[in-house]
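Heads up, the thing below is written out as structure tokens.
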Amino acid sequence: MSLDLTLSREDIVRLCERVEGAQRRAYAIPKLTDEYPAMTIADGYAVQAELRRRYLASGSRLVGWKAGLTSKAKMQQMGVHVPSIGFLLDDMWRPENSAIKTSDMVHPRVECEVAFVTNKTIKGPNCTRQDVLDATDYVLPAVEIIDSRFSGFKFDLPSVVADNGSSARYVAGGRARYPADIDLRTLGVVMEKNGEIIAMGASAAVLGHPAEAIAMLVNILAEQGEELAAGSFVMSGGITEAIPVKPGDSIVARFQELGSVSMRFIE
Ligand code: OOG
Ligand code: MG
């Protein structure tokens, strides 16, 4: 990652306020690079860090992190070629089988992901897949509901990083498994919307092995002087492309070995 900041502290706060407003009140804004074409990925992470500071100051709790754009399907869909990370808060969590409101999102999409729960602190740089597996308590299936705050779901990497990787909601469920008991590379996943199969894939789509995405996340955290705390919930990135949802839709994500995760969407 380029560590070059081009934005002033003032610009970072200004952009953070713009993104926070769009997130909290669910409206679309132009991607940030339209106004700041020289914005770098480091600038995006500076805005994201400020956003996290403000959410935590207003009472939200950090539950974990998410890796994004870690599969070819996702990179192709979004036109971006480098993975990203974002933070996950307690108030983004939704229970399994629940009705999820869409009126407080701009244009939500769902994606199937393998989630990791850690039981040791993990620190980069040079974090490896094995380091991640050694610090994993269990894995479980998850669905992330992403919601880019950018018009038309169109962005570049600095903008999407500033928007916390489009994070909006997440649902975990199914069956927790020890990573040693299953082959995390070859898990098949099928997503159904309203009873019809709309996307399928296998976990190897995520950087060859989903733990690889968590290692990458830990190394990006290290560049920002942060570590992954024990007890973190971490999503490794969409295996398939993301699917738009609207009120009335029901989603079931079926994971081989890990069970299924369901939810429905309401106004
Ligand atoms: C960026 C977030 C990507 C994933 O799992 O790949 C992401 C986006 O596509 O809006 O969460
Ligand atoms: Mg995701």
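The values are calculated or read from the model by the stated rules, or taken from the named source; none is laboratory data. Note that the structure is predicted; figures quoted are calculated from it, not measured. Don't worry about glycine lacking a Cβ; one is built from the backbone with ideal geometry, like all the others, and counts go over all protein chains shown.
From the list LEU56, LEU7, which residue is more than 16 Å from ligand 1 (Cβ to nearest atom) and either under 29 Å from SER260 (Cα atoms) or surrounded by 15 or more Cβ atoms within 10 Å (Cβ to Cβ) (or both)? Break it down into steps so the answer makes sense when it comes.
Details: LEU56 fails: either under 29 Å from SER260 (Cα atoms) or surrounded by 15 or more Cβ atoms within 10 Å (Cβ to Cβ) (or both).
Within the list LEU56, LEU7, the selection yields LEU7.
Answer with yes or no whether ASP131 is within 25 Å of CYS16 (Cα to Cα), assigned to a helix (DSSP H, G or I) and more than 16 Å from ligand 2 (Cβ to nearest atom).
Working: within 25 Å of CYS16 (Cα to Cα): no; assigned to a helix (DSSP H, G or I): yes; more than 16 Å from ligand 2 (Cβ to nearest atom): yes.
When the stated conditions are applied, ASP131 does not pass them.
Counting just the residues of region 101-139 that are among the β-branched types (Val, Ile, Thr), in contact with a Leu (Cβ under 8 Å, 6 or more places away or on another chain) and more than 21 Å from ALA49 (Cα to Cα), which one comes out surrounded by the fewest Cβ atoms within 10 Å (Cβ to Cβ)?
Going residue by residue through region 101-139, those that are among the β-branched types (Val, Ile, Thr) are 102, 106, 110, 114, 117-118, 121-122, 128, 132, 136, 139.
Retained after the next criterion (residues that are in contact with a Leu (Cβ under 8 Å, 6 or more places away or on another chain)): 114, 117-118, 121-122, 139.
Retained after the next criterion (residues that are more than 21 Å from ALA49 (Cα to Cα)): 114, 117-118, 139.
Numbers: VAL114: 26, VAL117: 17, THR118: 22, VAL139: 30.
Per the stated criteria, the residue is VAL117.
Can you tell me how many residues within region 51-109 are within 18 Å of SER232 (Cα to Cα) and within 15 Å of the chain's Cα centre (by Cα)?
Result for region 51-109: 19.
Show the residue pairs meeting these rules: Cβ distance below 8 Å; 6+ apart or different chains; first residue within region 65-88 and at pLDDT below 95 and within 12 Å of ligand 2 (Cβ to nearest atom); second residue among the aromatic types (Phe, Trp, Tyr) and assigned to a loop (DSSP other than H, G, I, E, B).
MET78/PHE155
Take region 134-160 and flag every residue that is acidic (Asp, Glu) and either within 14 Å of ligand 2 (Cβ to nearest atom) or under 15 Å from the mean Cα position of the chain (by Cα) (or both). Please lay out each step first, then the result.
Step one: list which residues in region 134-160 are acidic (Asp, Glu), which gives 134, 137, 144, 147, 156.
Scanning region 134-160 gives GLU144, ASP147.
Scanning region 140-154 for residues that are under 11 Å from GLY165 (Cα atoms) and touching a His at 6+ places or on another chain (Cβ under 9 Å), which turns out surrounded by the most Cβ atoms within 10 Å (Cβ to Cβ)?
Checked region 140-154; the qualifying residue surrounded by the most Cβ atoms within 10 Å (Cβ to Cβ) is SER148.
Tally the residues that are in a helix (DSSP H, G or I) and either out of contact with any Ser or Thr (no Cβ under 9 Å at 6 or more places or on another chain) or among the aromatic types (Phe, Trp, Tyr) (or both), restricting the search to region 219-248. Steps first, please.
Pass one, region 219-248, residues in a helix (DSSP H, G or I): 219-223.
With the extra rule that they be either out of contact with any Ser or Thr (no Cβ under 9 Å at 6 or more places or on another chain) or among the aromatic types (Phe, Trp, Tyr) (or both), the set shrinks to 219, 221-223.
Of the residues in that region, 4 qualify.
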